[in-house]
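Peer 1: Structure provided below as structure tokens; questions to follow.
What follows draws every value from the coordinates through simple rules; no lab data is involved. Since the model is a prediction, treat every value here as computed from it, not as a measurement. Positions of Cβ are generated from backbone atoms using ideal geometry, with glycine treated the same way; all protein chains shown enter the neighbour counts.
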Amino acid sequence: MKRRAAWIVAAALGVVALCLGVAEARARAQVRRELSSPLFAAPVDLAPARERVLPRSDAPRPLPMRPVLRIDGGDGLAPPFGRLADVAPSRSGDTLYVLDEMEARVSAFGRDGRFLFAFGRKGRGPGEFLRPTHLLVLPWSGAVGVWDADAQRLTLHAPDGARPRVANPAAGHRTTASKTVRRLAAFDGGFVMEVHADPLLVGPDGQAGALVRLDTALAAADTLVRFAVAGVRATHVETAAGSSATTWLNPPVFSPAPSWDLLRDGTVVFAPGGPAEAYRIGAGGAARVRWARAPGRVTRQDRLRRLAGEIDTGLMRVPPVPPTVLEALHRRFFAHVRPAVTGVLATPGGEVWARRFDTEASWEGHARTWDRAGWDGSARTPVRVPPRFRPLRISGSHVYGIAFDDTYVDRVEVYPLSEAGAE
């Protein structure tokens, strides 16, 4: 009897071990399949003579804990902030424009943080926005542009927010109904536009993106780089006469996503997100820097932190179930390999900043540590930004970004670039 029980226990343990082995083998196969996709391939085929792999440093230099400027919404005459999307200084640096995506509003502040004026509201008319996501200040005129991702249009305002004028950067390039233009930025000689294939026309496996240079009249001049994107599944249904609905299923969570920055002279700094590398694309061609970082697997803790963050911020509403059960139910929505770079910034002095992946600092995977490098192949000391601060752009001698408190209320913060050790 005891021998039979021992055989039963051994057989059960063998079945469990076999299942675990099959699950692990399947997970390894999924990782290999993801790594072999175009998302982890270099989008630009070049090897500059001075290119070399930069070592990864684990001793970052922190930005100062106190910003030189902090702006809280609702302070004094300023309207309260909802969900901030972007900040941009004026040409002279005397005015700071702050874009509130939730309120569809742009607020302007002086150099000392004093509220000046605001413009914009929800709607479809001139000077109104559906979902504004990016700000751009035109270097040649000082006009303030607001990119509306849902309306697929650019609204240009005078520096004081008056006289809105609507422009369509996708005209003559792609239909605006596809909502494929993700971002627009301006430099001295025109614009750069990030455009993605229309998910309603192209299947997930065939979708791709590109950075397109436009002239000052918003006409397409040339394509700077083409890159892979995590495919989106979309269906469009005519629900009734005169009405319709489009359903979008986003790409896997934590899948690599391209990021880029633009300098006033037209130089583009681009990171595909999969490989640990960044490109400088300018008039003299392209250059590349790479860091010695192998892609890592998305862990169970990564998934748990992401789900907890979405629940805390109200992005996900679920019944009270144990986190382990919730993680198992949502595991199929997550990518298997972490992106190597989750953001990129360029400094006027010729540096590139590349943000690492880390869910301990942010449930979205945005690390506090940014690797830095010079385009001559020299490694620079990494920068560690303050908690809950998300840098958005580097202009002049300052780092501009958005921070939030314990209750996820947004604010604007500005830090001196010199104290990060940047040249």
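Peer 1: Evaluate E = 1/(1 + (r/R0)^6) for residue 378 and residue 311, where r is the Cβ-Cβ distance and R0 equals 35 Å; express this FRET efficiency to the nearest 0.05. Please list the in-between numbers first.
Peer 2: Working: r = 43 Å, r/R0 = 1.23.
The computed FRET efficiency comes out at 0.20.
Peer 1: Go ahead and set up a Gaussian network model of the chain, Cα springs under 10 Å, then flag whichever of 31, 106, 212 fluctuates most.
Peer 2: Evaluated over the chain, the most mobile residue of the options is 31.
Peer 1: Between residue 83 and residue 324, what is 0.36 nm times their sequence separation minus the Cα-Cα distance? Round to one decimal in nm.
Peer 2: Working: separation 241, 0.36 × 241 = 86.76 nm, distance 2.98 nm.
Gain on extension, residue 83 to residue 324, equals 83.8 nm.
Peer 1: Between 373, 39, 162, whose Cα lies farthest towards the positive end of the dipole of the chain when Lys and Arg beta carbons carry +1 and Asp and Glu beta carbons carry -1, centred on the Cα centre?
Peer 2: Sorting the options by dipole projection puts first 39.
Peer 1: Still on this structure: Taking only Cα atoms and a 10 Å spring cutoff, compute GNM fluctuations for the chain and point out the largest among 366, 330, 196.
Peer 2: With Cα springs under 10 Å in the chain, the top fluctuation among 366, 330, 196 is at 330.
Peer 1: Can I ask one more? Kindly put 102, 65 in sequence by how many other C-beta atoms sit within 10 Å of each C-beta, fewest to most.
Peer 2: Details: 102 14, 65 8.
Fewest-to-most Cβ neighbours within 10 Å comes out as 65, 102.
Peer 1: Another question, then. Which ³J(HN,Hα) values in Hz, rounded to whole numbers, follow from the phi angles of region 361-372 under the Karplus curve 6.51 cos²θ - 1.76 cosθ + 1.60, where θ = phi - 60° and Gly and Pro get x?
Peer 2: Once rounded to whole Hz, the list reads 7, 8, 5, 7, x, 7, 6, 7, 9, 10, 6, 10.
Peer 1: Oh, and also: Quick one: net charge of residue 312's neighbours, Cβ under 14 Å, K/R +1, D/E -1?
Peer 2: Values: positive: 305, 306, 317, 388; negative: 310, 364, 405, 406.
With Lys, Arg at +1 and Asp, Glu at -1, the net is 0.
Peer 1: Could you list 148, 160, 75, 112 so that the one with the fewest beta carbons within 10 Å of its beta carbon is first and the one with the most is last? Intermediate values should be presented prior to the final figure.
Peer 2: Numbers: 148 21, 160 12, 75 15, 112 7.
So the residues, fewest neighbours to most, are 112, 160, 75, 148.
Peer 1: Between residue 114 and residue 165, what is the spin-label point distance in nm, taking each point 7 Å from the Cα along the Cα→C-beta axis?
Peer 2: 3.1
Peer 1: Neighbour counts of other C-beta atoms within 10 Å: give me 325, 232 arranged from fewest to most. Walk me through the intermediate numbers first.
Peer 2: Values: 325 10, 232 18.
Listing 325, 232 from fewest to most nearby Cβ atoms yields 325, 232.
Peer 1: Count charges around residue 263 for me, please; just the other residues with Cβ under 10 Å from its Cβ, Lys/Arg as +1, Asp/Glu as -1.
Peer 2: On the way: positive: 264, 280; negative: 188, 261, 265.
Summing Lys/Arg as +1 and Asp/Glu as -1 gives -1.
Peer 1: Something else about it: To test your reading of the geometry: what angle, between 0 and 90 degrees and rounded to tens, separates the Cα axis of helix 2-35 from the longest principal axis of the chain?
Peer 2: Long axis of 2-35 versus the principal axis of the chain: about 30 degrees.
Peer 1: Moving on to the next point. Treat each spin label as a single point 7 Å out from the Cα along the C-beta direction, and report the residue 205 to residue 140 distance in nm.
Peer 2: The modelled label-to-label distance comes out at 4.4 nm.
Peer 1: Can I ask one more? Between 277, 413, 238, where does the largest GNM mean-square fluctuation fall for the chain, given springs only between Cα atoms within less than 10 Å?
Peer 2: Looking only at 277, 413, 238, the largest GNM fluctuation is found for 238.
Peer 1: Through the Karplus equation 6.51 cos²θ - 1.76 cosθ + 1.60, θ set to phi - 60°, convert the phi angles of region 313-329 into ³J(HN,Hα) values in whole Hz; use x for Gly and Pro.
Peer 2: Per residue, the Karplus-derived 3J(HN,Hα) values read 8, x, 6, 10, 10, 9, x, x, 10, x, x, 5, 5, 4, 5, 5, 5 Hz.
Peer 1: Under the rule of at least 5 residues apart or a separate chain, name every residue whose amide H is placed under 5 Å from the amide H of residue 350.
Peer 2: When sequence neighbours closer than 5 places are left aside, there are no close amide H contacts.
Peer 1: So how much slack lies between residue 405 and residue 249, counting 0.36 nm per residue of separation and subtracting their Cα-Cα distance, in nm? Mind dumping the intermediate values first?
Peer 2: Details: separation 156, 0.36 × 156 = 56.16 nm, distance 3.02 nm.
Fully extending the segment from residue 405 to residue 249 adds 53.1 nm.
Peer 1: While we're here: Rounded to the nearest 0.05, what FRET efficiency do residue 121 and residue 188 give with R0 = 45 Å and r taken as the Cβ-Cβ distance? Could you check? List each step's numbers first, then the result.
Peer 2: Working: r = 31 Å, r/R0 = 0.70.
Result of the calculation: an efficiency of 0.90.
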